[in-house]
Amino acid sequence: MTIDTLPYPHDLGDGVVSLRVHRPTDAEALAVAVRESVATVGRWQDWCHSGYAMADAETWMAACRKDWLLGDGYEMLIVDARTDAILGGMGVNQRNREQRFANLGYWVRESMQGRGIATRAGRLAIRFAFDAVKVARLEIVAAWDNLPSRKTAERLGGAFEGRLRKRLVVKGTSVDAAMYSLTAEDLQASAP
């Protein structure tokens, strides 16, 4: 099986942003985007650190490809729809086939934050999760104090389900998290 035979729509975009699989040529640009984002993304994600190198990006992309091939997760880059510049990452990951749910994760490079990119890309990924991956439930789990990520979850229509005690580990410390969820019915209810 190749990545071209996986449930990946090749037109996953809205004219402003697009979601696409990682390409081998993305490694250096991805590393630059990660290093640029240490002050914001790195506050909440341990993988985002100042020493993030091209080799780290290559290792990450290989793991993403394996997850795609196994159907365990679908990590994508958020790119500018016109220039293909890397804006961040979006993933439908931690898939639980038996219970038909997955997690939605996202990050936006620091220089592009505050422009609605995660919300635009999130809408595309949500549709992909329900239409192609066939989940019944999509979860967004954000550190309790990560207000930008929580606001994105709310803009995406995530229903707040509660505070999960010690649910995430950030910088070696267990922290509380906010749980949001979406279902296909939520999308139908919000459709015009």
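The values are calculated or read from the model by the stated rules, or taken from the named source; none is laboratory data. Remember, predicted model here, so these are calculated numbers, not experimental data. Positions of Cβ are backbone-derived with ideal geometry, glycine not excepted, and every protein chain shown enters the neighbour counts. In case anyone asks, the SASA skips ligands and DNA or RNA and just uses the protein heavy atoms, side chains included. Shrake-Rupley method; radii C 1.70, N 1.55, O 1.52, S 1.80 Å.
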All aspartates and glutamates inside 14 Å of Lys134 as judged from Cα atoms, apart from same-chain residues fewer than 8 positions distant: Asp72, Glu98, Glu185
message: Going by Cα centres, the range 16-62 and the range 134-190 are how many Å apart?
response: 22 Å
message: Tell me which GluC sites (Glu not before Pro) from the range 97-192 have a DSSP coil assignment and no more than 15 other beta carbons within 10 Å of their own.
response: Glu98
task: For n ≥ 4 DSSP H runs only, could you compute -39500 (n - 2.57) per run for the chain, divide by its residues and tell me the 222 nm figure to the nearest 500?
output: -8500 deg cm²/dmol
field: Calculated diffusion of the range 100-140, Stokes-Einstein form, Kirkwood radius summed over Cα pairs, 25 °C and 0.890 mPa s, µm²/s
entry: 224 µm²/s
- request: Compare Arg120, Arg137, Arg163 in a GNM of the chain, Cα atoms joined below 10 Å, and give the one with the largest fluctuation.
  value: Arg163
- line: Under the 7 Å Cα-to-Cβ spin-label approximation, Lys66 and Ala81 lie apart by a distance in nanometres of 3.5 nm
- request: Using Cα pairs closer than 8 Å and at least 6 residues apart in sequence, work out the relative contact order for the range 1-115, in percent.
  value: 27 percent
- request: With a ≥ b ≥ c taken as the square roots of the eigenvalues of the C-alpha gyration tensor of the chain, please select rounded if a/c is under 1.5 and otherwise prolate if a/b is larger than b/c or oblate if it is not?
  value: rounded
task: Note down the relative contact order for the range 119-192 as a percent, whole number, built from C-alpha pairs under 8 angstrom at least six residues apart.
output: 33 percent
task: Before anything else, pin down the relative contact order of the chain: Cα pairs under 8 Å, at least 6 apart, normalised by residue count, whole percent.
output: 18 percent
- request: Quantify, in whole percent, the carbon and sulfur part of the accessible surface of the chain (1.4 Å probe; protein heavy atoms only).
  value: 52 percent
- request: Give me the distance in nm between label points sitting 7 Å out from Cα along the Cα-to-Cβ direction at Arg165 and Asp14, one decimal.
  value: 3.8 nm
- request: For the chain, with a Gaussian network of springs between Cα atoms less than 10 Å apart, report the residue from Val175, Val133, Val92 with the top mean-square fluctuation.
  value: Val175
